[in-house]
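Undergrad: Take a look at the following structure, please.
The values are calculated or read from the model by the stated rules, or taken from the named source; none is laboratory data. Computed from a predicted model, the values in this text were never measured in an experiment. Note that we place each Cβ from the backbone using ideal geometry, even for glycine, and neighbour counts take in every protein chain shown.
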Amino acid sequence: MTTRQISIDEDDFQAFVDGQLPPELRRAVMAYLAARPEESARMDEYRRLTEEMHLLYDEVLYEPLPTRLRVEHYRGRTAWWATPLRWLGLAELSLAPRAAAIAVLLLAGASGGWALGLHYIQPEVEPPAVSFNRLAVNAHVLYASDMQHPVEFGADRQDQMLLWLSERLGQAVHAPNLRDLGFTLVGGRLLPASGEPAAQLMYENPDAQRITLYIRGNWASAPGAAHDGTFSFASEGGVSSVYWREGPFAYALLGELDREQLFATAKIIQQQRAMPVVAPEQTTATAEKGAT
């Protein structure tokens, strides 16, 4: 019996850090790194640099492109100098006289621009929910492929993690139980989201497939926004997501799952979120009362 050899190069390493490798090649890279500690340390350094770049520039990267810079804004329009030249009857001039005419128009514009005022085109603004989902996708791509430090708090410190995340988000954060779907909690971490704190909870199944639940607090709904609990679906770069709003929280569930699986999982999370949860101090007080 022979084992098919898989060639691994620097491009594969970069794609591995970015979470862009297909499953078979990802497993090959993981096996390769497990046998070479120095290469594994190099990948950890790549991840650290990637994480720092995301934290610094993600919000700038996904700012909407202003309308004035989009090709479709100018499609079907004549050149900027054609209309004033036509007004002046200079549209049919040869190149040299036309250049002189343009120079005259530029000088006139420089002197009269302030008097006439400049026309400003209002840029199109990306909906907050779409921006939120983009941040969730970035966080999933960055950490779901990390084999060394995917979370800040492991599942063995779940209570401490949830207490800390709840304090930072300003509302009680709960970790849904997804064992019936084959996913167990790996842990979680705190992340930034447009100037607000966000939490990421990570789950994994026996096939090492990971899904993440991204949660942001202090969510102010805009007029005309979707009602609480309304799911939206998106898919980008092989990562699918379902996101929704519930009260002060916005949620995004992400993974390499199909649409139906994501919607079913999100529904379970929503149902568990609606169930009343007894706080630990209440449980302790009840037990003490019963003991007396």
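Undergrad: For GLN200, indicate whether it is under 18 Å from ALA129 (Cβ atoms), in the same structural domain as PHE132 (by TED's automatic domain parsing), under 20 Å from the mean Cα position of the chain (by Cα) and among the polar types (S, T, N, Q). Before you say what the answer is, go through the steps one by one.
TA: Values: under 18 Å from ALA129 (Cβ atoms): yes; in the same structural domain as PHE132 (by TED's automatic domain parsing): yes; under 20 Å from the mean Cα position of the chain (by Cα): yes; among the polar types (S, T, N, Q): yes.
It is true that GLN200 is under 18 Å from ALA129 (Cβ atoms), in the same structural domain as PHE132 (by TED's automatic domain parsing), under 20 Å from the mean Cα position of the chain (by Cα) and among the polar types (S, T, N, Q).
Undergrad: How about the range 1-34: which of its residues are at pLDDT 85 or above and not in a helix (DSSP H, G or I)?
TA: Scanning the range 1-34 gives a single hit, ASP9.
Undergrad: What about GLY187, is it at pLDDT below 90 and on the phi > 0 side of the Ramachandran plot?
TA: The answer is no for GLY187.
Undergrad: Which pairs have Cβ atoms under 7 Å, sit 6 or more apart or on different chains, and link a residue in the range 9-20 that is under 13 Å from MET147 (Cβ atoms) to one that is among the polar types (S, T, N, Q) and part of a helix (DSSP H, G or I)?
TA: VAL17/THR50
Undergrad: Suppose we filter the range 261-279 for residues that are over 23 Å from ALA198 (Cα atoms) and at pLDDT below 90; how many remain?
TA: 1
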